[in-house]
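The structure appears right after this line, and notes come after that.
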Amino acid sequence: MAYTITGQCISCNLCVSVCPNGAIQEVEGRHIIDSERCTNCADSIYTVPQCKAVCPTANGCVEQLSDYWENWFATYNRVMAKLTNKQDYWERWYNTYSQKLSEQLKKQQVVA
Ligand code: SF4
Ligand code: SF4
């Protein structure tokens, strides 16, 4: 499993120079990790993945999980962790959604 760079990346370039395998490149303004070259820093003098260690963002550089659902939940948890007022997130989402839906239905009834 290799590390990967997410949408949280702010293109600071710090990870490029610290990778012992030269696995990180900037391509057309986006930073990417070559999974063939990334060894998770396991075969180096470092005890932790250097890209993650230097990344100034919370989740700009994360381990790419091989299992689809494991990956899906990891992304979901990262996104959810950033939300404020998490407790009533789904309630507010539902209320907003149902309100918009009922407005649309009312408009359709007026036109019909
Ligand atoms: S985990 Fe290590 S080898 Fe892999 S991209 Fe990051 S710094 Fe390079
Ligand atoms: S260190 Fe983090 S924010 Fe900076 S370029 Fe690498 S992944 Fe992006």
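Rank by packing, highest mean first: peptides 92-99, 70-77, with packing defined as the count of other Cβ atoms within 10 Å averaged across residues.
70-77, 92-99
For the chain, what does the alpha-carbon gyration tensor say about shape, rounded, prolate or oblate, given a ≥ b ≥ c as the root eigenvalues, a/c under 1.5 as rounded, and a/b over b/c as prolate?
Judged from the Cα gyration tensor, the chain comes out prolate (a/c at least 1.5, a/b above b/c).
Under the definition of Cα pairs under 8 Å and six or more residues apart, what whole-number percent is the relative contact order of the chain?
Relative CO of the chain lands at 28 percent.
Angle between the Cα long axis of helix 68-82 and the longest principal axis of the chain, 0 to 90 degrees, nearest 10?
The angle comes out near 70 degrees.
Under 5 Å between amide H atoms, partner at least 5 residues away or on a different chain: which partners does A2 have, H built in plane at 1.01 Å?
Q64
What net charge do the residues around C38 carry, taking every other residue with its C-beta under 15 Å from that of C38, with Lys and Arg at +1 and Asp and Glu at -1?
Local net charge: -2.
Determine which lysines satisfy two conditions relative to K82: a Cα distance under 23 Å, and not lying fewer than 8 residues away in the same chain.
Reachable lysines: K52.
For the chain, give me every cysteine whose Cβ has no other Cys Cβ within less than 4.7 Å, ordered by residue number.
Isolated Cys, the chain: C9, C12, C19, C38, C41.
What's the carbon and sulfur percent of the chain's accessible surface, probe 1.4 angstrom, rounded to a whole number?
After summing per-atom areas, the C and S share lands at 54 percent.
Heavy-atom accessible area per residue, segment 3-64, 1.4 Å probe: how many Å²?
61
Helix 89-111 versus the longest principal axis of the chain: what angle, 0 to 90°, nearest 10, using Cα atoms?
Computed tilt is about 40 degrees.
Over segment 3-64, what relative contact order in percent results from Cα pairs under 8 Å that are six or more residues apart?
The normalised contact order for segment 3-64 reaches 47 percent.
Kirkwood hydrodynamic radius, computed over distinct alpha-carbon pairs, for segment 3-64: how many Å, to one decimal?
Final number for the Kirkwood radius of segment 3-64 is 11.4 Å.
The values are calculated or read from the model by the stated rules, or taken from the named source; none is laboratory data. Values in this document were obtained by computation on a predicted structure and should not be read as measured data. We place every Cβ from the backbone using ideal geometry, glycine too, and count neighbours over all the protein chains shown. Please note that ligands, DNA and RNA were not included when accessible areas were found on the heavy atoms of the full protein model with its side chains. Shrake-Rupley method; radii C 1.70, N 1.55, O 1.52, S 1.80 Å.
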